[in-house]
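What follows is one structure encoded as structure tokens, with my remarks underneath.
The values are calculated or read from the model by the stated rules, or taken from the named source; none is laboratory data. Nothing here was measured: the structure is a model prediction, and the numbers come from that model. Quick reminder, even Gly has a Cβ in these numbers, built from the backbone with ideal geometry, and neighbours come from all protein chains shown.
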Amino acid sequence: MENRPRLNARVAIDDLVGVLRELHEVQLKKHPDDDYLRHHRQTSGVAKANPHRFRHTFASDMIRAGLSLPALMQLMGHAGIQTTMVYLNVTPQDVYQQYVRAIAQLIRPVPSLP
């Protein structure tokens, strides 16, 4: 699996939806955030950091964390699941880990919230 820095931001859901939609809108336009991204590309060593890559990383990380595909679709502002699927990068290791998690829940169900 590719080694890359993970973003560990904690923001309100409304703010997150706004950020994701804004990143989608600015991906091909010159934007004030370009200088911000350029600075972080230079300081982090991640040469290909850009808003579109952030959306791909976010989508894949959320699926790995257990977020449902319909919830991710809404967070990313997509009208259909197929559009959201384009953003996912799921490895065979991801499939295996989710399989193991599902089997473990069948054996010992996780308590549901009231």
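Numerical summary
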item: Matching option when the condition is at positive phi and modelled with pLDDT under 85, among Gly77, Gly45, Gly66, Gly18; result: Gly45
item: Criterion violated by Thr57 - all others in (1) at positive phi; (2) at pLDDT 85 or above; (3) not basic (Lys, Arg) satisfied; result: (1)
item: Test: residue in the range 79-86 that is part of a helix (DSSP H, G or I), hydrophobic (A, V, I, L, M, F, W, C) and over 30 Å from Leu37 (Cα atoms); result: no
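Residue by residue, here is whether (1) surrounded by 17 or more Cβ atoms within 10 Å (Cβ to Cβ); (2) more than 10 Å from the chain's Cα centre (by Cα); (3) more than 27 Å from Val100 (Cα to Cα) holds:
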| residue | (1), (2), (3) |
| --- | --- |
| Arg41 | no, yes, yes |
| Arg53 | no, no, yes |
| Gly66 | no, yes, no |
| Gly77 | no, yes, yes |
